[in-house]
Amino acid sequence: MSMSSHLDDTPSTPGKFKIDKSPYLHRTRLTYASFTKLGIFFFLAAILVFFLHSPSSSSLRSDPTRRSLRTSDWGGLAWEKQLRTSAKIRRTGGFSVLVTGAAGFVGTHVSLALKRRGDGVVGVDNFNSYYDPTLKRARQELLEKAGVFVVEGDINDSALLRKFFEVVAFSHVMHLAAQAGVRYAMENPGSYVHSNIAGFVNLLEVCKDANPQPAIVWASSSSVYGLNKKVPFSESDRTDQPASLYAATKKAGEEIAHTYNHIYGLSLTGLRFFTVYGPWGRPDMAYFFFTKDILKGKQIPIFEAPNHGTVARDFTYIDDIVKGCVSSLDTSEKSTGSGGRKRGPAQLRVFNLGNTSPVPVRDLVGILERLLKLKANKKVLTLPRNGDVQFTHANISFAQRELGYKPTTDLQTGLKKFVKWYLSYYGSGKKSSV
Ligand SMILES: O=C(O)[C@H]1O[C@H](OP(=O)(O)OP(=O)(O)OC[C@H]2O[C@@H](n3ccc(=O)[nH]c3=O)[C@H](O)[C@@H]2O)[C@H](O)[C@@H](O)[C@H]1O
């Protein structure tokens, strides 16, 4: 079975973004001699008109890649007003948070939780087609109804990110934009480098220059434990044996975070999420497409390790993850630098956010069968060598101590909520709320 069968075409990749140099200045030099005085006048006037009509002309000149990275219009006074309104803090001591990947699964839930308690939230998302973008648009609709403005744009677009900080002095960044999925990394490695490495560095570059610098909380992954055999996985365990490029890019993110913390005094907290599931989830994940395929009577591939070894995951319910994200923001210390200069040591943390109760994939299917009242058409396959690891299991004592993190939803309860959402969203064709 092709691993991409649950996905839509391809996401944005660096290959799609042609880094074409701005033609304007170059062309001026080449043709200068051949212009008549009148010609020069009209030519320069045309350039002036172009720049005056461009919403953020100064950044266009300083970043030739922006035009090709740009996915939709942004800028202008009305747009800036929308940003300010969305970022407005409505509680004492509240935050203004820039959420990247806001139309993603975790991004949507975290943005809603922050907005509900009175924080200001602005979202950014590139709405790529790794999975059905209409689901992302439906999440965006939900966010807009709650008063969260989601800008369509890519985290590699420095001009856009700089504009955000020009308009709003964000106190925090919740960085959730990423190329997710373990197995897809073999099909489209470039998209992992583009989002998880280049995009993250671009974001950190903008954050370190901001004044004040924001505190940053970002999504790492349980996959960084790779071939680690010691269970449960603790933050201090070795993470130098990634089994997929996805894991390698998340691990690289953790090293990059260290560097920006060390050089620029950015406050950084990485969260190692363990197989997050729930309503409004990602269609590329097993629990999601198993549900879809069981309903359709389609065969589902269930992986097992060699010699009938159990494959298991520490499935973690979205509401528990949201609490972990919000507590991470709440306990983040301020960055210590400003305008690209470090002024003292800053906070650097990594936490496991798991459920600390691994469940075999076979049991996951059993729960879905009971909830859907249907028998699955199962095909047991040996775990392919495509980046999957045999099991994950989080030790959460560090997060418990520092964040007060305490997951409360078991897989049965969480899947019940997911199935209810799934049936209301896809079954009736009507959009439901979280
Ligand atoms: O914790 C993470 O950091 C990661 O969690 C998630 O990865 P995984 O734990 O691999 O979740 P997911 O694909 O749902 O497979 C679940 C189980 O089903 C098994 N599986 C999968 C596919 C299949 O066809 N058959 C099957 O048995 C499979 O072997 C596995 O045991 C996120 O997708 C990832 O982005 C990242 O965030």
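Restricting attention to the range 136-157, which residues are surrounded by 20 or more Cβ atoms within 10 Å (Cβ to Cβ) and out of contact with any Leu (no Cβ under 9 Å at 6 or more places or on another chain)?
Scanning the range 136-157 gives LYS136, ARG139, GLN140.
Search the range 385-406 for residues being in contact with a Phe, Trp or Tyr (Cβ under 7 Å, 6 or more places away or on another chain) and not in a helix (DSSP H, G or I), and hand back the single one that is nearest to TYR225 (Cα to Cα).
THR392
Filter the range 272-297 for residues that are part of a helix (DSSP H, G or I) and near the ligand (Cβ under 9 Å from one of its atoms); which is surrounded by the most Cβ atoms within 10 Å (Cβ to Cβ)?
TYR287
Being more than 9 Å from the ligand (Cβ to nearest atom) and either within 23 Å of VAL97 (Cβ to Cβ) or modelled with pLDDT of 95 or more (or both): is that true of THR316 here?
No, not satisfied.
Taking into account only those residues within the range 117-127 that are outside any strand (DSSP E or B) and under 15 Å from THR85 (Cα atoms), which is farthest from the chain's Cα centre (by Cα)?
Among those that are outside any strand (DSSP E or B) and under 15 Å from THR85 (Cα atoms), it is GLY118.
The values are calculated or read from the model by the stated rules, or taken from the named source; none is laboratory data. Computed from a predicted structure; not experimentally measured. Cβ: placed from backbone, ideal geometry, glycine included. Neighbour counts: every protein chain shown.
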